[in-house]
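The following block contains the structure, expressed as structure tokens.
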Amino acid sequence: MGEAEPTPESLDHRAAANRLIAYHSPISARLTAERTSYSSQLIPVTAYILVACAEAFGRYPEMMRRIDAALPADRIGVAGRRPGSRINSVYLWSIANFFLVGRNLVCSLDPSRDDAEAAHTVLDFWDRAALAFRGDGHRQAWDADGVVRPYGADVVERLLDGSVPVTGDEERSRLKRFNATLVNYLFLLYFDTRVGTGDTGPYPLPDGRTLLVRDFYRMGPSDFWWSDVAAELPYQNLTAALVLDDVDVRVSDFGSSVTTPEDYLDRLVGFGLFTTDTPDGSLRPVPAGELDELSALVRKVNAAHYRRVVAMSREERIRCGAYVYFTFLRPFAEVAGVADELDWTVPRDLPASVFEMLCAIEGSEIELQQVPDTEYYPPIA
């Protein structure tokens with residue numbers, strides 16, 4: 001029995017998927033090439049990324065259909081336009097590109113697995129959510145020359161009203177240490193993944209200065225089963241307002257900032273710290289007097305977490321990291337109210353032999369293939 005003839009709708013979906021694949025391909029190739037490399041001797045990053053992406057390729061399409069049916073992707077994107085939300089630029093970039101990386105991997109082993117309808121489901125969901133999240137006609141920071149401004153004037157005003165001037169090198173150094181402590185802690189908590197911290201901006205201010213907003217996500221216990229180590233932390237989510245003088249800021253789709261000069265915190269002239277751990281998710285100021293005690297507690301928790309990770313087997317670390325990556329889709333399901341109805345187990349569908357093969361891969365970064373930009377993600381044939 002031969003293959004069914006393609007319908008006009010399926011042909012339209014294939015063409016739409018290929019347009020979005022062609023859009024992502026050169027951008028993701030360049031972003032991957034430009035990204036600051038990090039080599040970990042502790043976490044098998046490449047292995048767990050490939051496990052997560054292979055699972056995303058097989059499972060994201062149906063999961064996104066269920067999420068989209070509960071709440072349309074564009075409404076989910078709009079819901080991300082507040083501090084503390086993980087519906088943000090890096091999670092959006094990831095839910096599309098993890099599927100596409102997984103597609104490259106799986107289809108290199110079995111070309112028959114390529115599926116135009118599945119690709120259309122994922123990329124169309126991403127497209128609608130990304131456009132709604134930004135609300136400026138662009139899909140990504142790449143298209144907007146390093147601008148990510150999801151927060152409205154009311155949020156910016158609230159952040160500035162709760163900020164205080166920073167004067168003197170001693171106070172500036174104290175805030176730099178505080179920032180570094182939180183960034184380092186969240187980096188390890190998310191298994192050498194940068195998404196525990198997310199920047200938005202730049203927000204130009206009337207006096208010529210610039211506001212950069214930095215969110216610190218899920219610092220305490222969460223669905224990460226290893227995060228029980230953080231039970232003592234008093235805050236789950238923090239948002240920092242960084243007012244900078246004479247600094248050029250560009251924010252990437254990875255949620256990190258590229259600044260000129262590089263040492264941008266040397267030009268920090270205003271600072272405010274807030275939490276969105278409130279019943280309605282609104283911003284509540286964190287007293288400045290808490291910063292030193294909070295830093296000390298975060299360092300204590302980070303040390304305990306590090307000891308736990310060291311004691312894990314290689315496979316345990318891969319399973320933890322793969323869970324972090326695979327569940328980049330979870331915030332979208334949470335907003336839609338269906339997160340508890342979906343299975344987040346990973347790996348789940350990978351054959352044991354493939355999982356073992358991927359676990360054996362060494363290295364901490366996926367190497368960029370030396371192919372033309374337009375072929376980083378090949379079109380669906």
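Exactly one of (1) closer than 24 Å to Ser85 by Cβ; (2) acidic (Asp, Glu); (3) modelled with pLDDT of 95 or more is unmet by Glu232. Its number?
Tallying (1) closer than 24 Å to Ser85 by Cβ; (2) acidic (Asp, Glu); (3) modelled with pLDDT of 95 or more, Glu232 fails exactly one: (1).
Separate question: Find the residue count for the range 74-91, including only residues that are closer than 15 Å to Val122 by Cα and buried (at least 24 other Cβ atoms within 10 Å of the Cβ).
Selection size over the range 74-91: 2.
Name every residue in the range 269-298 that is over 16 Å from Asp161 (Cα atoms) and among the hydrophobic types (A, V, I, L, M, F, W, C), in order of residue number.
Leu291, Leu294, Ala296, Leu297, Val298
Select from the range 19-43 the residues that are at pLDDT below 70 and over 17 Å from the mean Cα position of the chain (by Cα) and write down the one among them that is surrounded by the fewest Cβ atoms within 10 Å (Cβ to Cβ).
Ser39
Give just the number: which of (1) buried (at least 23 other Cβ atoms within 10 Å of the Cβ); (2) of a type in the set (A, V, I, L, M); (3) closer than 24 Å to Tyr151 by Cα does Ile49 not satisfy?
(3)
Another question, then. Give the range 228-246 a look and list any residue that's part of a loop (DSSP other than H, G, I, E, B) and more than 16 Å from Leu205 (Cα to Cα), or say none.
Within the range 228-246, Ala231, Glu232, Leu233, Pro234, Tyr235, Gln236, Asn237 meet the criteria.
Which of the numbered conditions does Val106 fail, given that it passes all the others? Conditions: (1) touching a residue at least 60 places away in the same chain (Cβ under 8 Å); (2) outside the structural domain of Ala241 (by TED's automatic domain parsing); (3) assigned to a helix (DSSP H, G or I); (4) touching a Phe, Trp or Tyr at 6+ places or on another chain (Cβ under 8 Å).
Condition (1) is where Val106 drops out.
Within the range 250-262, can one find any residue that is out of contact with any Lys or Arg (no Cβ under 9 Å at 6 or more places or on another chain), assigned to a loop (DSSP other than H, G, I, E, B) and either more than 16 Å from Tyr91 (Cα to Cα) or assigned by TED's automatic domain parsing to the domain that holds Thr345 (or both)?
The answer is yes, given that some residue of the range 250-262 is out of contact with any Lys or Arg (no Cβ under 9 Å at 6 or more places or on another chain), assigned to a loop (DSSP other than H, G, I, E, B) and either more than 16 Å from Tyr91 (Cα to Cα) or assigned by TED's automatic domain parsing to the domain that holds Thr345 (or both).
Of the numbered conditions (1) more than 18 Å from His24 (Cα to Cα); (2) part of a helix (DSSP H, G or I); (3) in contact with a Lys or Arg (Cβ under 8 Å, 6 or more places away or on another chain), Thr121 satisfies every one except a single condition; which is it?
(1)
Further question on the same structure: For the range 290-363, list the helices (runs of 4 or more DSSP H) that sit wholly inside it and hold at least 1 residues that are of a type in the set (A, V, I, L, M) and outside the structural domain of Ala47 (by TED's automatic domain parsing); which are they?
Fully inside the range 290-363 and qualifying: 291-311.
OK, next. Would you pick out the residues in the range 190-216 that are in contact (Cβ under 8 Å) with a residue 60 or more places away in the chain, over 14 Å from the mean Cα position of the chain (by Cα) and outside any strand (DSSP E or B)?
Result: Arg209, single match.
The values are calculated or read from the model by the stated rules, or taken from the named source; none is laboratory data. The structure presented is a predicted model; accordingly, all values stated were derived computationally and were not measured. A quick note on method: Cβ atoms are made from the backbone with ideal geometry, for glycine too, and the neighbour counts reach across all protein chains shown.
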